[in-house]
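The values are calculated or read from the model by the stated rules, or taken from the named source; none is laboratory data. Keep in mind the model is a prediction, meaning the values are calculated, not measured. Here Cβ is always computed from backbone atoms with ideal geometry, including for glycine, and neighbour counts include all displayed protein chains.
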Amino acid sequence: MSESNRESYQTLEWAVTKSETGLFLVIADEEIQEEIVETYRESAVKIFDYRQYPEVYSYQMLAEWMGNYPESGTFFFVNFQFALRGDQDFKRLNFSRDMLARLDKNLFFLITPYGDDRLVSRACDFYSFIRMRIIFPDHGTGGADLDSSLLKSGLFSPECDRRRISESALRIEKRGADYESTKKRISAYMSLLLQKQNEVKEQVGPKHPDMAVVQHELAAVYGNLGHYREAEECCQKALVLRLEIYGKQHPVTARSYEQMADLYALQGKYEEAETTYRRALSIYEETLGKAHSDTAVCCKNLVRLLEKQGRHTEAGKLL
């Protein structure tokens, strides 16, 4: 277990052992998902892996499988990104959110970061019922080979947490071999993103939601490299698309505003960053509620920005 994932494991363990019922999202690439499965394989948790049993999402199938373990209270649904292949899958997931909640079980859906982006943009009704998102920022060692295989299957797992540019697992440190290795990983991922951009444009068109995801990812990578002009351009493209597709008051749109605020903050553009954080926070509060983890993270970043400027009284009012 890497040090950067230790806190995520602690949060997951708390949710597994302390929570009685609820829907949870675990955001982790496939290699980390395998690691999580191994950690809990000998526990009371029941595990269904959509990679081993490829099925599109069906509430009936899920409920019937759970019915085989009436005494179990906690279930992991691993590689959930493979259950969501088309629009009908997301519609079924949205429709079943109340039924899932009424099962009175702890249901953990393990999904890749890219799968999470697709989920929040296409299954907002389901997403609003999520009690907690647990993010594993550090990734496995599969690197480009893993991403290439996912790209061929129509999915890919980001090498960085695109929501938190400023806290990315790929933050570059100019120290010897680690620096060069990180640069190579980022360059490889950039190539995959550009390839994915062309595929999305050719297969579903430049106005498709997946194009916004790719632009969002590109902005994150450029931001890590310190190429802020290019990062802002990609972020703006994603924002424009999301405004057209989802409208102004949608959590996916808020993610683009939040990413832009991150970029402003990294460049010391504090006034622009504050305005944009507040816009994102307002959308999160209205669409997801003040108790949602996305709202809390955005609020935390705004507080950090205010404190950096010595505005501690204003920051304290947000806590």
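Give the stretch 284-299 a look and list any residue that's part of a helix (DSSP H, G or I), surrounded by 16 or more Cβ atoms within 10 Å (Cβ to Cβ) and of a type outside the set (Asp, Glu), or say none.
Keep residues of the stretch 284-299 that are part of a helix (DSSP H, G or I), which gives 284-287, 293-299.
Filter once more, so that each one left must be surrounded by 16 or more Cβ atoms within 10 Å (Cβ to Cβ): 284-285, 287, 293-295, 297-299.
Within the stretch 284-299, 284, 287, 293, 295, 297, 298, 299 qualify.
Consider residue 79 carefully, then state whether it is under 21 Å from residue 125 (Cβ atoms) and among the polar types (S, T, N, Q).
On the way: under 21 Å from residue 125 (Cβ atoms): no; among the polar types (S, T, N, Q): yes.
The answer is no for residue 79.
Sort through 258, 272 and tell me the only one that's free of Cβ contacts under 8 Å to residues at least 12 places away in the same chain and either of a type in the set (D, E, K, R) or buried (at least 24 other Cβ atoms within 10 Å of the Cβ) (or both). Step through it out loud before you land on a result.
Details: 258 fails: free of Cβ contacts under 8 Å to residues at least 12 places away in the same chain.
Exactly one residue qualifies, and that residue is 272.
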**OP:** Residue by residue through the stretch 27-69, note down the ones that are surrounded by fewer than 16 Cβ atoms within 10 Å (Cβ to Cβ) and among the aliphatic types (A, V, I, L, M).
**Re:** 44, 56, 61, 63
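Only one residue in 216, 227 is closer than 16 Å to residue 118 by Cβ and either in contact with a Gly (Cβ under 8 Å, 6 or more places away or on another chain) or assigned by TED's automatic domain parsing to the domain that holds residue 315 (or both). Which one?
Unique residue meeting the criteria: 216.
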**OP:** Give the residue that is nearest to residue 241 (Cα to Cα), with candidates limited to residues of the stretch 191-220 that are among the small types (Gly, Ala, Ser) and crowded, with 19+ Cβ neighbours inside 10 Å.
**Re:** 212
Original post:
What number of residues in the stretch 221-277 are within 17 Å of the chain's Cα centre (by Cα), of a type in the set (S, T, N, Q) and farther than 26 Å from residue 192 by Cβ?
Top reply: 0
Original post:
If you scan the stretch 223-250, which residues turn out to be of a type outside the set (Lys, Arg), within 15 Å of residue 279 (Cα to Cα) and either outside any helix (DSSP H, G or I) or touching a Phe, Trp or Tyr at 6+ places or on another chain (Cβ under 6 Å) (or both)?
Top reply: 247, 249, 250
**OP:** State all residues of the stretch 97-125 that are crowded, with 23+ Cβ neighbours inside 10 Å and at pLDDT 90 or above; if no residue qualifies, say none.
**Re:** 108, 109, 110, 111
Subject >> Members of the stretch 203-253 found to be at pLDDT below 90 and among the acidic types (Asp, Glu), listed by number >> reply: 210, 217
